1. Within the range 1-114, which helices (runs of 4 or more DSSP H) (wholly inside it) include 2 or more residues that are of a type in the set (Lys, Arg) and exposed (fewer than 14 other Cβ atoms within 10 Å of the Cβ)?
2. If you go through the range 70-79 one residue at a time, do you hit one that is touching a Phe, Trp or Tyr at 6+ places or on another chain (Cβ under 7 Å), under 21 Å from Phe41 (Cβ atoms), of a type in the set (Phe, Trp, Tyr) and free of Cβ contacts under 8 Å to residues at least 40 places away in the same chain?
3. Condition first: in contact with a Gly (Cβ under 9 Å, 6 or more places away or on another chain), aromatic (Phe, Trp, Tyr), farther than 29 Å from Asp6 by Cα and modelled with pLDDT under 95. Can you find one or more residues in the range 38-47 that meet it?
4. Of the residues that make up the range 81-88, is at least one out of contact with any Gly (no Cβ under 6 Å at 6 or more places or on another chain) and closer than 23 Å to Ala10 by Cα?
Amino acid sequence: MQQLQDDLQARWWDLEARLAERFGKKPDMETILFLVGIQEFGDIRKKFSKEEKQDLMHIAVCSLFGQSGYYELEGADEQGWPHFRQLKALPVMELRDQENFLKDHILLYFDKEEAGLGETESDSL
């Protein structure tokens, strides 16, 4: 179990380093979720309201856990904001395990994106 955690941590540090190189500073978890949310929303504007930033992080979490069948995209509202449906309950875990569960899904997401396997909005048109 410790080896799996060490591997997860090493992969996480590698992702942080790649993002820091790209954006000029090391991102925290909220920033990474915000980046995933923007990627999934597809609207890269300069300013988002505080509520929109929270919505983007929610989109990120649903998209990330959608990779494992916990959520699915239902569609988008009139403003283009995606809405998700929860398909199954997330596992009950201690805080550290929750963080590792989220990190693992983030790493999977970035692995798919870097391999060109991430579906973009233009792919589904």
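1. Working: elements: 2-23, 29-41, 50-66, 95-114.
Answer list for the range 1-114: 2-23, 95-114.
2. Keep residues of the range 70-79 that are touching a Phe, Trp or Tyr at 6+ places or on another chain (Cβ under 7 Å), which gives 71-74.
Subsequent filtering for residues that are under 21 Å from Phe41 (Cβ atoms) retains 71-74.
With of a type in the set (Phe, Trp, Tyr) added as a condition, the list becomes 71.
From what is left, the residues that are free of Cβ contacts under 8 Å to residues at least 40 places away in the same chain are 71.
Yes, because at least one residue in the range 70-79 is touching a Phe, Trp or Tyr at 6+ places or on another chain (Cβ under 7 Å), under 21 Å from Phe41 (Cβ atoms), of a type in the set (Phe, Trp, Tyr) and free of Cβ contacts under 8 Å to residues at least 40 places away in the same chain.
3. The answer is yes; a qualifying residue exists.
4. no
The values are calculated or read from the model by the stated rules, or taken from the named source; none is laboratory data. Being a predicted model, the structure only gives us computed values, none of them experimental. When we count neighbours, we look across all protein chains shown, and the Cβ atoms used for this are built from the backbone with ideal geometry, even at glycine.
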